[in-house]
Structure formats: structure tokens, C-alpha cells
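Engineer: Got a structure here, written out as C-alpha cells. Questions coming.
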Amino acid sequence: MSFDPDAQPYFDKQKDRRVCFITGGNSGLGFYTVLHLYLHGYIVYIAGRNRQRVEVAMKKLRSEALIRRANQNAHELENRHLGELKFVELDLCKLKSVEHGVVQFKRQEKRLDLLILNAGIMAVPYGKTKDGFEVQLQTNYISHFLIADRLVELMQDPDVVKDPRIIYLSSVGHWFTPFPFKLSWQYNYWPNIVFTWFRYGMAKTAGIQMIRSLCKRHSNILCVAVHPGFVMNTNLFSHFTRLPIIGLFFWVMFQIFGWLFGVSNEEGSYSTLRCGLGADLTAAKDNGKYFATFGVQEKPSWTARNIDYACESWAWTVQELRKRGHEIEN
Ligand SMILES: NC(=O)c1ccc[n+]([C@@H]2O[C@H](COP(=O)([O-])OP(=O)(O)OC[C@H]3O[C@@H](n4cnc5c(N)ncnc54)[C@H](OP(=O)(O)O)[C@@H]3O)[C@@H](O)[C@H]2O)c1
């Protein structure tokens, strides 16, 4: 199965303005997601924690877009317009920074067509954020929950936003916790190298549950979760590959695994792009679905699909955010 991003619809910001907000668009597969959206005419706000890293990425994105356009013929160029790239400062490990980033975005935009909850960390040592959440849970799930809650209002007016979409970057790693769990479980046990995967799996399952709940609450918005494929050359693996001495062993192992089963960083963006741009997907027909490598639909774990568990996770998250002074409307 393959997917061709160039065959997806293009937008002209002068006639049909489309706005995307993406977390973690400066690196890995997020970089290519932004590149294609930019080539398709989107105004893309890249929410990142480090201005310099995002600005360097934006420079690379602009020059890569020009190279790709140089290979297109006159007819293609006539119908294809570049969008815009913008930076929003936002650190997912700090809820205050998330609120601040969202406010900055809302000052500039009154509409949102595409929300991509992409940023993530994987299998890092146990640690807590200043907000008191386990670091993988907050980065991969809690802060994205808060962003979705704050931005969903910009996706509601059907006269303004015709086809709103929310995409959550989950992972096949959500299968590490296929059994029912409570989000309060910390999995802070020895050895970390085993239990860190439970923490990752739980956060990525909670993200799918969030999507299931969001589409029940906002049936006008296409809400889906994706697994991008095994994309071994992103920074996601850097905790392992930077370990002294055994880091090299991990690097070799990941390269071999990637060679056998992986896809490139660019191909890793295809499942997100299929869900973000694919004209065949609709909220009425596809809400709550899970798409894997190249945008092929798959079934996530039973725990991720079960709506009762999704409601439990939703209630826990709302309560925990409220305790920390972040009111959630619904
Ligand atoms: N690669 C894979 O094989 C794979 C498989 C399944 C799922 N995924 C998921 O795909 C998504 C993208 O991963 P990737 O492979 O492209 O990894 P990546 O290259 O490490 O990109 C992760 C992005 O998240 C950002 N980020 C991390 N912590 C943040 C924070 N506290 N605040 C704001 N931004 C933060 C990073 O920003 P900085 O540059 O500032 O660190 C970076 O832009 C993740 O959600 C990951 O779980 C990846």
C-alpha cells in the first residue's frame, strides 16, 4: 500500500484559507508533515519548546519546498500555492506554557482547520514535570488534551471551517498496555528499561481514548488517531542511542530493525497526511478510527477502543487538570 501526498487537494490561501496547528513540527516525521501541508497551501503554526530549533527547521522547510516546486511543471505550479510557516512557543512539560501558547495562537487566528497532536517522547527514564505528572504522560497525552480542549472552539463554525480535523499521533506502542489501567498508575519500577514502555503505552492508549471521546463530543470534527510506522531515524530514539557505550549497540539494532521493517522519515508522515488531507475521509463515516503506516485503517487495542474506559480516562484527566487550576468546559 502506498500513499501519494502530491495527489491530495491543494489550497490557495487567498481564496480558501486553511490553518493548521501542529506540535513537534520541527523534527522527525512532524517536519515532513509540515513540509507537505506548506506545499499544499496551509498556514502552519509549529508549536515547539525551542524557538531556535523551530526557526532552523522553518528555514530548511522553505528551501526544501522551493526545491520540490522547481521539479513541478507550469500547470502544476499554477494550481499549487505555498502556504505560510509560523512559530508558537509552547512546552508540553509546562501546562502554563501550553495555555500561553494557545492564547498566542488565538490572538492571530479565529479559525482552525487541522489540529495535529504530533509531539512526543518515548521510553525515557521515570520523571515528573513541575505540574506533577509523569513526564511521558504529560508530553504525550495530558498537554495535548488541554490543547484540544482550548482549540476546539475554533473548529465549530461550519460557515467558517468546512472540514475540521484532529489527528493524534499514537503508536503501535499503545499495545504495551492492552489491559484496562488507571491513569494514576505510575509504573515507577525497576528495571526502567521494561517499565518505561508501560508508561509510553499507557500515554499512547490514553491519546486514542481521547480521540474516541472527542468525536462523541464534537461529531462535526473528524477525530482520528494514527500510528506512523516504524521510523527509526527520528530523534525519538535518542535517549537510547546517546547512552554511553551501549548507545552504539542500540543505534545498530535500530538501523537493522528499520532496514527490515521501517519507513523513511517522510513516509512516516503519510498516515498523518492521509488523515489531514484525504478528501475521502469524513467525520460522519470515519470518526474515531485508527490508521497505521501509510494511512491503512487498523484496529487498536480493546482498551483503547472501549468507550467506558475512554470515559474513565476523560473524567480522571479533567479532574487532574482542574486540581491544577486548568478549567475544562465539558
Ligand atoms: N518514530 C517512530 O517510529 C514512531 C512510531 C510510533 C509513533 N511515533 C510518534 O510520532 C510522533 C513524532 O515522533 P518522531 O519520531 O518524529 O520524534 P522526534 O523526531 O523526536 O520528534 C518529536 C517532536 O516532539 C517535540 N517535543 C518533545 N517534547 C516536547 C515538549 N516538552 N514540548 C514541545 N515539544 C516537544 C520535539 O521537539 P524538540 O525538537 O524541541 O525536542 C520534536 O519536535 C511522536 O508522538 C511519537 O510518539 C513515532
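The values are calculated or read from the model by the stated rules, or taken from the named source; none is laboratory data. Note that the structure is predicted; figures quoted are calculated from it, not measured. Neighbour counts run over all protein chains shown; Cβ positions are idealised from the backbone, glycine included.
Engineer: Name the residues in the stretch 6-31 that are closer than 30 Å to MET122 by Cα, touching an Asp or Glu at 6+ places or on another chain (Cβ under 9 Å) and more than 9 Å from the ligand (Cβ to nearest atom), would you?
Structural biologist: Passing the criteria: VAL19, CYS20, PHE21.
Engineer: Among the residues of the stretch 114-138, which ones are within 16 Å of ILE46 (Cα to Cα) and either surrounded by fewer than 19 Cβ atoms within 10 Å (Cβ to Cβ) or in contact with a Gly (Cβ under 9 Å, 6 or more places away or on another chain) (or both)?
Structural biologist: Across the stretch 114-138, the qualifying residues are LEU114, ILE116, LEU117, ASN118, ALA119, GLY120.
Engineer: Let me ask you something else. Can you tell me which residue in the stretch 126-175 is farthest from the ligand (Cβ to nearest atom), limited to those that are acidic (Asp, Glu) and in a helix (DSSP H, G or I)? Spell out the reasoning first.
Structural biologist: Filtering the stretch 126-175 down to residues acidic (Asp, Glu) leaves 131, 134, 149, 153, 157, 159, 163.
Within this subset, residues satisfying the condition of being in a helix (DSSP H, G or I) are 149, 153.
Working: ASP149: 17, GLU153: 22 Å.
Among residues in the stretch 126-175 that are acidic (Asp, Glu) and in a helix (DSSP H, G or I), the one farthest from the ligand (Cβ to nearest atom) is GLU153.
Engineer: Also: Considering only the stretch 7-34, state which residues are without any contact (Cβ under 8 Å) to a residue 40 or more places away in the chain and under 22 Å from TYR168 (Cα atoms).
Structural biologist: Matches in the stretch 7-34: ASN26 only.
Engineer: Then there's this: Test of understanding: among SER264, SER313, SER301, which residue is modelled with pLDDT of 95 or more and either among the basic types (Lys, Arg) or in contact with a His (Cβ under 7 Å, 6 or more places away or on another chain) (or both)?
Structural biologist: SER301
Engineer: In addition: Within the set of pairs 6+ apart or on separate chains, which have a first residue in the stretch 104-115 that is more than 19 Å from ASP91 (Cα to Cα), a second that is crowded, with 16+ Cβ neighbours inside 10 Å and among the small types (Gly, Ala, Ser), and C-beta atoms under 6 Å apart?
Structural biologist: Pairs that qualify, where the first residue is more than 19 Å from ASP91 (Cα to Cα) and the partner is crowded, with 16+ Cβ neighbours inside 10 Å and among the small types (Gly, Ala, Ser), are LEU114/GLY276.
Engineer: Counting just the residues of the stretch 139-188 that are acidic (Asp, Glu) and over 24 Å from GLU320 (Cα atoms), which one comes out surrounded by the most Cβ atoms within 10 Å (Cβ to Cβ)?
Structural biologist: Top of the filtered list is ASP163.
Engineer: Can I ask one more? Output the number of residues of the stretch 258-307 satisfying the condition of being within 17 Å of TRP175 (Cα to Cα), in contact with a Gly (Cβ under 8 Å, 6 or more places away or on another chain) and either among the aromatic types (Phe, Trp, Tyr) or assigned to a strand (DSSP E or B) (or both).
Structural biologist: Of the residues in the stretch 258-307, 1 are within 17 Å of TRP175 (Cα to Cα), in contact with a Gly (Cβ under 8 Å, 6 or more places away or on another chain) and either among the aromatic types (Phe, Trp, Tyr) or assigned to a strand (DSSP E or B) (or both).
Engineer: Within 10 Å of the ligand (Cβ to nearest atom), at pLDDT 95 or above and surrounded by 14 or more Cβ atoms within 10 Å (Cβ to Cβ): does that describe GLN104?
Structural biologist: Taking the combined requirement at face value, the residue does not satisfy it.
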